[in-house]
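Worksheet: one structure, shown below.
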Amino acid sequence: MRCRDVEREILEGAALPEAAVEHLAGCAACRTLNDAHRAMQALAGTQRHPSLPVPDLASALARRRRTQVKLWAAMGAATAAVALAAWVVTSPRPAQPAEDDSAWQTLPPLLAFVDGMLERELGPTDFAYRPFGELAVWLAPTEDPLDEFTPTLPEEEP
Amino acid sequence: VSDAGVDRAGIHPGAEVAQTASGFEVVLEAWAPALLRLAWRFTRDGEEARDLVQHALADAWERRQGLRDAQAAGPWLRRILVNRAVNLHRRRRVWRSVQSLWGAEETMTQPAPDAQLDQARQARALHQAVAALPARQAAAITLRYFEGLPVAEVAHALGVDVGTARVHLYRALKKLRPPPGPWEER
């Protein structure tokens, strides 16, 4: 007998024919397989199972329904979340007002004004603001407010 | 699982039995104890075995139109249960692999070489060795040796041809080859 035939006989578990027994005597691989098979049969025969309450069909179906409800609920929640995300991403946004560049148009004059205030030559009257601090000196009006109070002296007669 | 289970339950083997809801329910409940025993052989845990049987019963109920002959209910139900058990085994193996990556794998205590192992320890060691096998090999070993089915029925339960079932058994036996002396925890 060939190894394949002997292996088949061993795995089927029936009593080995004479030819298989003779083959085992001269084939270590088949002998090892036969030993493993016999050991498994002996060990498996000692296995005992406990007595357990048998589940019935009604409880199995109720459990299946609960599982399906949970599954559908989870799928519904996931779908709703995806739809919400898609809506947020694709929804048209409110029209933005056109950019007002008037501020930029008014900036140069403002800068010129500040520049004019800061870089002017200080006159003697500017120093009248000194008691109010250095900043007051620099922020003093360009036109001397005292001008209008300067009394007009009568012209001297020649 | 043997066809005698149907006879003991007093169910008349006929196609019409399984085609009606009440008849099908009777068939399922007649086979449930045998399925539970088989499930326990796969899981070695009472709660998990009951879970497995509940899933198998619900699966069978949903596919009841596929059962043509009530006499074939036993092998048909067994095949459904084995499918479930194989999937469970695969998930567990993946989980054990992940656990071993994180170093959380349960380590077995190595017994002294000359220790006399009692039957319970041998059974536990054997179950651990079977659990470490690939899913179909483990299922083949469970069906062939623990359930005592012939190779042809093992093949039917696994949904493969007889030659493939033999290959599964052969490879599993090579991996499970016991050391000389008592079967030790490995």
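Each reported figure results from applying straightforward, stated rules to the coordinates on display, with no laboratory input. As the structure is a prediction and not an experimental result, all values here were calculated from the model. Glycine gets a Cβ as well: all are built from the backbone with ideal geometry, and neighbour counts include every protein chain shown.
Using the number of other C-beta atoms within 10 angstrom as an exposure proxy, rank B:ILE80, B:ILE141 with the fewest first.
B:ILE80, B:ILE141
Output the relative contact order of region A:1-79, whole-number percent, from Cα pairs under 8 angstrom with separation of 6+ residues.
23
Roughly what would the spin-label model give for B:TRP61 and A:SER59, points 7 Å off Cα along C-beta, in nm?
Spacing of the two 7 Å Cα→Cβ label points: 1.3 nm.
Counting other C-beta atoms within 10 Å, which of A:ARG63, A:ARG93, A:ARG4 has the fewest, and how do the rest follow?
A:ARG93, A:ARG4, A:ARG63
Please average, across the residues of A:34-45, the number of beta carbons from any other chain that are within 10 Å of each residue's own beta carbon, and give a whole number.
Across the residues of A:34-45, the mean count of other-chain Cβ atoms within 10 Å is 6.
Would you list B:LEU149, B:LEU101 from fewest to most Cβ contacts within 10 Å?
B:LEU101, B:LEU149
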